[in-house]
Amino acid sequence: GPTWTTKIEAWDGGFSKIGSQVNLSFSKDVPFFNRVQNIASYMPGIKSVYVSPDLKSPVTRGRTYIGYAWDILQDMANYAQADMAIDLGNFYMVPRGASIPGIASSLNIINSQSGLLNTPLRQKFQCTFDMIFEPRLICGQVISMQSIETENNGLYTLRGLKHTGTISGAVDSGCVTSCILWPYPYPNAPASKTNPLNPNL
């Protein structure tokens, strides 16, 4: 008989990202923290803005920002060696590789007992692995990796996940969650000297 496939794509903060154009000017005495908060507040649907106090990004001159707020903030995050995300209508900007404050799940230890299926693969600064389908994991949370290969063990931030599998009473198939972890602190790349949105230029 016919086969029905349901595909669901969700983009948290999608309307906020595409529905906000700004034209804002700041004097040189307005710090990076306040610039980010002000620009992010123009995105529709944003309930709160969190900028980590650990971000040390001095600015030395005034600046006018014109364009989509999300694109401007992305360039500012690159300059500050930061990650940013929208989760449930809340905007976050944290140091690169850091977890997002307030985001936690009931599962924060990954080992064979919690469903680890294979040997974690470490490539440069990224660690990937598969585990038994686990819907409790949340991007941005802290993960403690505890595998037999001790060189992979330690604290990470969950940067991405993907669920695959078939849930059916007629088809015998497994369900797997694939995860991407980043260590913290994440090694910083040199800040761009030619970034047109660098607030110091």
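Entry note, the chain: relative contact order of 19 percent, from Cα contacts under 8 Å with a spacing of 6+ residues.
Decide, for the stretch 88-129, between rounded, prolate and oblate: order the square roots of the alpha carbon gyration tensor eigenvalues as a ≥ b ≥ c, take rounded if a/c falls under 1.5, and otherwise choose prolate if a/b is larger than b/c, else oblate. Cα axes put the stretch 88-129 in the oblate bin. Pick from V142, V171, V94: which is most flexible by mean-square fluctuation in a GNM of the chain where alpha carbon atoms under 10 Å apart are linked? The residue that fluctuates most here is V171. Comparing Cα centroids, the stretch 134-171 and the stretch 35-69 end up 31 angstrom apart.
For C175, the residues whose modelled amide H falls within less than 5 Å of its own, excluding neighbours fewer than 5 places apart on the same chain, are F133. Along its three principal directions, the equivalent ellipsoid of the chain from the Cα gyration tensor extends over semi-axes of 36, 22, 13 Å, largest first.
Using a 1.4 Å probe, how large is the accessible area of K47, given in Å² and rounded to the nearest 10? Around 150 Å² of this residue is reachable by solvent. Here the dipole of the stretch 1-117 is about 280 debye; that uses its Cα centre as origin and unit charges on the Cβ of Lys and Arg (positive) and Asp and Glu (negative).
Mean projected area of the convex hull spanned by the Cα atoms of the stretch 1-100, taken over all viewing directions: 8.1 nm².
With all protein chains in place and a 1.4 Å probe, the accessible surface of the chain carries 55 percent carbon and sulfur. Amide H to amide H, with H built 1.01 Å from N, T157 comes under 5 Å of I143, W182, Y184, counting only residues 5 or more places away or on other chains. Heavy-atom accessible area for Y50, with the other protein chains in place and a 1.4 Å probe, reaches approximately 80 Å². Against the main long axis of the alpha-carbon atoms of the chain, helix 69-79 sits at an angle near 90°.
The values are calculated or read from the model by the stated rules, or taken from the named source; none is laboratory data. Treat the numbers as computed from the prediction; the structure is a model and nothing was measured. Every residue, glycine among them, receives a Cβ derived from its backbone with ideal geometry; neighbour counts consider all protein chains shown. Protein only, heavy atoms only, side chains kept; ligands, DNA and RNA dropped before computing areas. Shrake-Rupley method; radii C 1.70, N 1.55, O 1.52, S 1.80 Å.
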